[in-house]
1. Please work out if PRO99 is at pLDDT below 95, over 17 Å from PHE206 (Cβ atoms) and assigned to a loop (DSSP other than H, G, I, E, B).
2. Does ASP65 satisfy the criteria of being of a type in the set (D, E, K, R), more than 11 Å from LEU35 (Cβ to Cβ) and outside any loop (DSSP other than H, G, I, E, B)?
3. Answer with yes or no whether LEU168 is more than 30 Å from PRO15 (Cβ to Cβ), surrounded by 16 or more Cβ atoms within 10 Å (Cβ to Cβ) and at pLDDT 70 or above.
4. Against the condition touching a residue at least 40 places away in the same chain (Cβ under 8 Å) and under 29 Å from THR56 (Cβ atoms), how does ARG187 come out, does it pass?
5. Give the number of residues within the range 102-117 that are surrounded by 15 or more Cβ atoms within 10 Å (Cβ to Cβ) and either among the polar types (S, T, N, Q) or part of a strand (DSSP E or B) (or both).
6. What tally of residues in the range 71-101 results from selecting those that are at negative phi and surrounded by 20 or more Cβ atoms within 10 Å (Cβ to Cβ)?
7. Checking the structure you have, find out if any residue of the range 49-64 is closer than 17 Å to MET183 by Cβ and hydroxyl-bearing (Ser, Thr, Tyr).
8. What are the pairs, 6+ residues apart or on separate chains, where a residue within the range 38-57 that is in a helix (DSSP H, G or I) has its Cβ under 8 Å from a residue that is of a type in the set (Ser, Thr, Tyr) and surrounded by 15 or more Cβ atoms within 10 Å (Cβ to Cβ)?
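The values are calculated or read from the model by the stated rules, or taken from the named source; none is laboratory data. Since this is a predicted model, take the numbers as computed values, not measurements. Cβ placement follows ideal geometry from the backbone for every residue including glycine, while neighbour counts extend to all protein chains displayed.
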Amino acid sequence: MNIYPVTVTGSLDEPLSRWRWLVKWLLALPHFVILFFLWIAVAFLTFCAFWAILFTGRYPRGMFDFNVGVMRWSWRVTYYACAVIGTDKYPPFSLQDDPDYPAHFDVEYPQQLRRGLPLIGWWIAGIPQYVVSGILGGGLAFGWIGSGHSFHAPAVVGILVLVAGVILLFTGQYQRGLYDLIMGFNRWTLRVTAYGMLMVREYPPFRLDQGGDEPTPTPAGVPQSV
């Protein structure tokens, strides 16, 4: 198994409050206001990066780091407020990684990307992935990318998070199997989002990697379990 160059991890921060998930979206409003403007900047920088990649095959490093930072910030906020509700720890206002926070996101900087005509076909090749991620949980990412300002809970992930919240409300426990599945859907969506933003060369795998950690690579010559 090859490791995709997008890292999406989370640690279930137990014990969780039974009821706080009901108001986390309200507590996170200051973040959403700031992210509103940051994603407008991301849309503009992605447009600029497209032309830079088209002629040079390279993603300008400053633009890349900023866009990764906004995605990282967004992942922390949604992990806290709506896409996972996996922690009660309030997310930091920062583009940088916070080693003490239970949610992390990163993208390996690509030294070389497609250029010329192959780049134009990037989005066409990605259509199957955009459809799948849209069904699983792409409403979150495409709301940000498509308009630069809208936010709406992804369909499947939103339903699963609601189920997890109701169970938490009545039992005080976040079901581990449900958490792993929700993380897998979010990981898939964020991989496809990074691909759509031209940040990775590799095509996203049609593979649901569940759990809080990224999968461990399979050593060469070792058969994968079925």
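1. So PRO99 does not fit the description; no.
2. yes
3. Answer is no for this residue.
4. So ARG187 fails the test.
5. Result for the range 102-117: 5.
6. 18
7. No, the range 49-64 has no match at all.
8. Pairs that qualify, where the first residue is in a helix (DSSP H, G or I) and the partner is of a type in the set (Ser, Thr, Tyr) and surrounded by 15 or more Cβ atoms within 10 Å (Cβ to Cβ), are TRP39/SER74; ALA49/TYR59; ALA52/TYR59; ILE53/TYR59.
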